[in-house]
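Trainee: Shown below is the structure under consideration.
Just so it is clear, none of the values below were taken in a lab; they were calculated from the coordinates. It should be emphasised that the depicted structure is a prediction, and the values quoted were computed from it without experimental measurement. Glycine also receives a Cβ, built like all others from the backbone with ideal geometry; neighbour counts cover every protein chain displayed.
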Amino acid sequence: MDGGWKLIAKPGRILRGSAVFGLVVWLVALVVVSRIPGIGWGTFLSALAMTLLFTALLVGHLSSEIQAQVDGLRARTFFRKLQCRWNNVRHVEVRPFMPGLTIYLVSTTRGPFVFTSLWRNHRELLDALRERVGHG
């Protein structure tokens, strides 16, 4: 890896697409529920809560990113930023969850971060972690 090497991993199309799909479905449900006479406030508030949930998922997917660079890792989510050198990565755990979905847990001295096989460049990121850290 040369001095300008950088790898960026982000949630992939499936994750972003499912969040967009869920958001659209619940926005439509919210409009439909608000126009039907006799629907109680509980039903309306439930549809609103689901709309907010899928909005939060989409914002989370759009703001999440892991950068692997020559000097270390930078992980960013909507709520948190983590930066560490390669020698601060303590453990990389690979957990098959179900067919087609693997969860990667990375433990560092600065805190943990997680990514899945549904992220773009997840294999390359795992390879970089294994190469630089020597385990996984």
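Trainee: Sketch the reach of a paramagnetic label on Leu27 as a point 7 Å from Cα along Cα-to-Cβ, and name the residues of the stretch 54-71 whose backbone nitrogen lies under 17 Å away.
Mentor: 54-62
Trainee: A follow-up question, please. Take the stretch 1-132, compute every pairwise Cα distance, and split them into 5 Å bins from 0; I just need the percent in each bin.
Mentor: Once binned at 5 Å, the Cα pair distances of the stretch 1-132 give 2, 10, 16, 18, 15, 11, 9, 7, 6, 4, 2, 1, 0, 0.
Trainee: Say each of Arg130 and Ile39 gets a label point 7 Å from the Cα, pointing the same way as Cα to Cβ; how far apart are those two points in nm?
Mentor: 5.0
Trainee: Restricting attention to the alpha-carbon atoms of the stretch 85-136, what are Rg (one decimal) and Dmax (integer), both in Å?
Mentor: For the stretch 85-136, the Cα radius of gyration and maximum Cα-Cα distance read 10.7, 32 Å.
Trainee: Suppose every K and R has +1 on its Cβ and every D and E has -1 on its Cβ; what is the size of the dipole of the chain about the Cα centre, in Debye to the nearest 20?
Mentor: Numbers: 17 positive and 7 negative charges, 37 e Å.
In debye, rounded to 20, the chain gives about 180.
Trainee: Going by average Cβ neighbours within 10 Å, how do the peptides 78-84, 31-37 rank, with the highest at the top? Display every interim value, and only then the final one.
Mentor: Details: 78-84: 12.6, 31-37: 10.3.
Ranked from most to least packed, the peptides come out as 78-84, 31-37.
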